[in-house]
Structure formats: structure tokens, C-alpha cells
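Quick notes on the structure that follows.
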Amino acid sequence: MGKLSHFRRSLKKYKWLLLMTLPGIVYLFINNYIPMYGVILAFKNYNFVDGIWGSDWAGLDNFKFLFNSQDAYIITRNTFLYNFVFILLNLILSVFVALLINEIKEKVISRFYQSTFLLPHIISMVVVAYLVYSFLNADSGLVNRLLIKWFGTEGVSWYGEPKYWPYILVIVNAWKNVGYLSIIYFASIIGIDKEYYEAATIDGASKWKQMTRITIPLILPVITTMTLLAVSGILRSDFGLFYQVPMNTGALIPTTNTIDTFVYRAMIQSGDIGMSTAAGFYQSVVCFVLILVANTAVRRINKRDALF
């Protein structure tokens, strides 16, 4: 009875806060939990006439077909390696940018830079794809025109050369996301008590030492949380980045094909719903395992920085 009465008092005390979370809970249920019913398609030989339950069971045949194909290795390798580089590079650049913004004392200028850095993040990937195309178009692209004008070399067929695209995708991803992440880290930095810096200044600590001995250690929990969240999606790729930015060019598929684009192409081109669902299910399971492993590793180092 004691626990029940305590629960009721807590419910009454926080009823308005709980009510505010209701739209988010409803959205989470509709968007994340109801679609999980479709996971059954990964184990079905689905056809539209019989429907989900009427279709024959395929067991693990969809997974066997996926993993026996060359695509399984390529899409897993591409997705994992790209995201690993994205996480590492974006972390370094965003923390560095946040530290630089923190050194700007004029509020107007600081806010201007924050808005400027955030702008790429809110631009649609379709728009980004055409911005990239305006730079890399073989005939009239800005990069080729500069190469010809300054170096006298022939233009490069960017959309026909897969070897350049690992670097292009990394640059585009960093340009789009570093600003957003830097603002998150900057928000953490401005929450640090100024007395730490005043004491460090009195002791003769340079700006570099203040950054490395005060700022970075104090925002480390936020860095850890953001990194863990990124790791939880390391096998989930930005569909727009890998499909729209390369313009779905056939010559670039071996370099730009990831699990998400593979699932989309499997659905659109072959109509194989079972195999595409199996690929998505495989993606979710691996992400789940990775976040558990990463969170366990963080808990062993510092329990307070772990997500759960």
C-alpha cells in the first residue's frame, strides 16, 4: 500500500509534465512500435494476393539469400566504415568549432556564427544534392572549371569515378552535420561555471590548458552520450546522402551502396519485400547489439556517463 500511495502522489504531482509527454509517447508508439509488426515479413515468402499471414513461411531463406550474395558484404562494409568515419571526424570537428565559438565574446557575432553553422543542417538533402552537382558537374561544374582554368588539366567525370566518392560523402556529411553538433557542445560549454576559468587564469593557465583541462573534461559526459547515440545507428545510413547526392548513378553504386539504399532498391527494382525486410531486421539487430556493447564499455569506465 505504501508504494501504491507513493505512486499515486507522484502521478498527481507530475500529472502536467506527464501530459506534456503524451504526444511524444503516442508518436513513438505509432512510428516505432506498430511498424514492428512488419518484421514478420523477413520470415515470409510474401505475395500481395495472400497478404502477410496468408503468405507461405520462408524460414531463414531471405537471410540466406541476402548473406550468400556479394551485396551483403559490400553494404555492411560501406555502412559501417562510412559511419565510423562520420562519427570520429564529426566529433573532432564539432568540439573544435564549439571551442572556437566559445572564445567569441561578442554575443551578436557568436549568434551569427551559430546560425551560419546550423543552416546546412536544416537544408533538404535534395537541395544539397543539386548544390553538389553544381560543383561536380562534368561540363559546367565549378570544380572542373577551376581545374581547367588554374591547372590547365582536363575536367574529371566525378559521377563516373567511384574512387572520389568516399571523400566527397565525408565532406558533405561533415558540412551538413558539424554545425548542429557544435551547437549542442557549445550549449554544454556555456553551462560551465566561470569560476573554473577565473581560477585557472589566476594560476596562469593558457587558453589551450583551459580547453584541455577544464572545458573538454567537463563536457565529456555530453560527448559520450552523443557518441553512444551515434554508435547505436552505426548501421543506419543517411538515405539522402547515399542515394540523392550521388544522383543514384549506377557507376557509383559499389562505393555508395549502403543497407538503406539496398533495401530501397530491392523494394523498387525487384519488389522482393521479404529480402529487404530481412536486411532491415539484420540492421536493427546489429545496431541493438552495438549499443549494448558500447554502453557496457562506458559503464565499466564511468557509470554516470552510460545511457542505461
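Data table
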quantity: Å³ per residue enclosed by the Cα convex hull of the stretch 1-135; calculated: 313
quantity: For the chain, built as a Gaussian network whose Cα springs stay under 10 Å, the top-fluctuating residue of S206, S276, S284; calculated: S206
quantity: Cα lying deepest toward the dipole's positive end in the stretch 177-255, options L229, M211, Y243, charges on Cβ; calculated: Y243
quantity: Among M267, M211, M247: highest mean-square fluctuation, GNM of the chain, C-alpha pairs under 10 Å; calculated: M211
quantity: Relative contact order, percent, the chain [alpha-carbon distance under 8 Å, six or more residues apart]; calculated: 25
quantity: D_trans [Stokes-Einstein, Kirkwood Rh over alpha-carbon pairs] for the stretch 150-293, 37 °C, 0.692 mPa s, µm² s⁻¹; calculated: 173
quantity: Per residue, in Å², the accessible surface of the stretch 1-137 once ligands and nucleic acids are set aside, probe 1.4 Å; calculated: 74
quantity: Exposure of L307 as accessible area (Å², to 10), given a probe of 1.4 Å and all protein chains; calculated: 70
quantity: Relative contact order [Cα under 8 Å, 6+ residues apart], the stretch 227-278, whole percent; calculated: 29
quantity: Distance from the stretch 53-94 to the stretch 19-34 (C-alpha centre basis), Å; calculated: 28
quantity: Computed log₁₀ I(q)/I(0) - Debye formula, equal Cα scatterers, no solvent, the chain, q 0.08, 0.13, 0.15 Å⁻¹; calculated: -0.54, -1.17, -1.31
quantity: The stretch 120-183 and the stretch 185-258: distance between their alpha carbon centers, rounded to Å; calculated: 23
quantity: Residue-level accessible surface for V178, protein heavy atoms, 1.4 Å, Å²; calculated: 20
quantity: For K44, distant residues with modelled amide H under 5 Å away; calculated: A58
quantity: Lysines whose Cα lies under 22 Å from that of K12, excluding same-chain neighbours fewer than 8 positions away; calculated: K3
quantity: Computed accessible area, R265, all protein chains, 1.4 angstrom probe, square angstrom; calculated: 20
quantity: Members of K64/K163; K107/K207; K44/K64; K105/K194; K176/K207; K105/K209 lying beyond 22 Å, as alpha-carbon distances in this model show; calculated: K64/K163; K176/K207
quantity: Relative intensity, log₁₀ I(q)/I(0), of the stretch 154-231 from a Debye sum that treats every alpha carbon as a point, q = 0.14, 0.19, 0.25 Å⁻¹; calculated: -0.65, -0.88, -1.15
quantity: Dimensions in Å of the stretch 103-223 - Rg and Dmax from alpha carbons; calculated: 20.6, 60
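The values are calculated or read from the model by the stated rules, or taken from the named source; none is laboratory data. All values reported here derive from a predicted model rather than from experimental measurement. Quick reminder, even Gly has a Cβ in these numbers, built from the backbone with ideal geometry, and neighbours come from all protein chains shown. Side chains are part of the model used for accessible areas, which takes the heavy atoms of the whole protein and leaves out ligands, DNA and RNA. Shrake-Rupley method; radii C 1.70, N 1.55, O 1.52, S 1.80 Å.
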